[in-house]
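> Got a structure here, written out as structure tokens. Questions coming.
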Amino acid sequence: MGETGRFFKRAILKLSGEALREPGSTDNISPEIVGRIAGEIATASKRGVELGIVVGGGNFWRGAAASARGMDRPTADYVGMMATVMNALALQAALEEQGVMCVVQSAIEMKNVAEPFIRRKANRHLANQCVVIFAAGTGSPFFSTDTTAALRASEMGADVILKATMVDGVYTADPKTDPSATRYETITFHECMVQRLKVMDATAFSLCMDNNIPIIVFDLGEDGNIERALRGEELGTIIQSE
């Protein structure tokens, strides 16, 4: 039970690929950052939260950007899906070093490194307190990893999506460019879409709205925030139906 009275039995943690890279570094993955994230997840998982993780691949590749430069969009997206698998395997290794049971399930079959995504099997893993990292997006092009997080949360019956970002919530405008921007404590899915706040894409929002899954947007950069979010403490911005 967190300070606000929320208790999450099952959660999906959404991590961007960029979050695994040291800012300004040419290295795609920082072992130190991945280790810190794994340590916070390990501490929180000991409290009994059933946790699934969706990680992006933007530290290696962005399909939309490659498409804009002339690459066939489906091919560009499939390359991006492979990038998420690399991040998933790095995070799995770090979690196992922390003593956390962990499995990677891939939406694109690659049996030498990951299980195929099977909903019933993923559900059993979660129920047995094994962290499941969902890799390779939805397995289809044109869908973001935010949509993957919303889809897996819906399939797994998650209580919440915890979206770890580089800012401490949802703002009226980009706080990096607009000093007058203010942070919302709560906001609805509809308001986010009307105001065109770039938190998640419309497909992800629609899935969360249809299945009444709230999203908590919080700052990954502050030590301990993943653990706080999983404990249900008040932080960041809550996006919900009403």
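Values quoted throughout were computed directly from the atomic coordinates according to the rules given, and no laboratory measurement underlies them. Nothing here was measured: the structure is a model prediction, and the numbers come from that model. So basically every Cβ, Gly included, is an ideal-geometry build from the backbone, and we count neighbours across all protein chains shown.
> Straight distance only, please: which aspartates and glutamates reach the Cα of residue 176 with their own Cα at less than 18 Å, same-chain residues fewer than 8 apart left out?
Within reach: 18, 168, 219, 222.
> May I ask you to give the average projected area over all directions of the convex hull of the Cα atoms of the chain, in nm² rounded to one decimal?
Its Cα hull, projected and averaged over all orientations, spans 12.9 nm².
> When the chain is modelled as a GNM with alpha-carbon springs shorter than 10 Å, which of 24, 137, 232 fluctuates the most?
24
> Considering only DSSP beta bridges whose two residues both sit in the chain, what percent are antiparallel, to the nearest 5?
Bridges in the chain that DSSP calls antiparallel: roughly 10 percent.
> For the stretch 136-242, with equal point scatterers placed on the C-alpha atoms only and solvent neglected, what are the log10 I(q)/I(0) values from the Debye formula at q = 0.10, 0.11, 0.23 1/Å, to two decimals?
-0.27, -0.33, -1.35
> Set the bar at 20 Å for Cα to Cα. Now go through 163/198; 14/111; 121/163 and name every pair that lies beyond it.
Distance filter (> 20 Å) returns 14/111; 121/163.
> Further question on the same structure: ³J(HN,Hα) across the stretch 172-183 via Karplus (A = 6.51, B = -1.76, C = 1.60, θ = phi - 60°), whole Hz, x for Gly/Pro?
Once θ is set to phi - 60°, the couplings for the stretch 172-183 become 5, 8, 5, x, 6, 10, 10, x, 8, 5, 10, 8 Hz.
> Once phi is turned into ³J(HN,Hα) by the Karplus curve 6.51 cos²θ - 1.76 cosθ + 1.60 with θ = phi - 60°, what whole-Hz value does each residue of the stretch 45-60 show in order, with x for glycine and proline?
For the stretch 45-60, the Karplus curve yields 5, 5, 8, x, 6, 7, 10, x, 10, 10, 10, x, x, x, 6, 10 Hz.
> Any number yet on Rg/Rh for the stretch 1-117, C-alpha, Kirkwood?
So for the stretch 1-117, dividing Rg by the Kirkwood Rh gives 1.02.
> Can you compute 3J(HN,Hα) from phi for each residue in the stretch 135-146, using the Karplus curve 6.51 cos²θ - 1.76 cosθ + 1.60 with θ = phi - 60°, rounded to whole Hz and x for Gly and Pro?
10, 6, x, 8, x, 10, x, 6, 10, 7, 6, 5
> For the stretch 10-240, what's the relative contact order in percent, using C-alpha pairs closer than 8 Å and at least 6 residues apart?
Reported relative contact order: 22 percent.
> Find which of 103, 23, 53 sits farthest along the positive direction of the dipole of the chain, computed with +1 on the beta-carbon of Lys and Arg, -1 on that of Asp and Glu, about the Cα centre.
103
> Taking amide H positions as placed 1.01 Å from N in the peptide plane, with prolines and chain starts having none, which residues 5 or more places from residue 13, or on another chain, fall under 5 Å of its amide H?
Counting only residues 5 or more places away or on other chains, the set is 52, 53, 54, 162.
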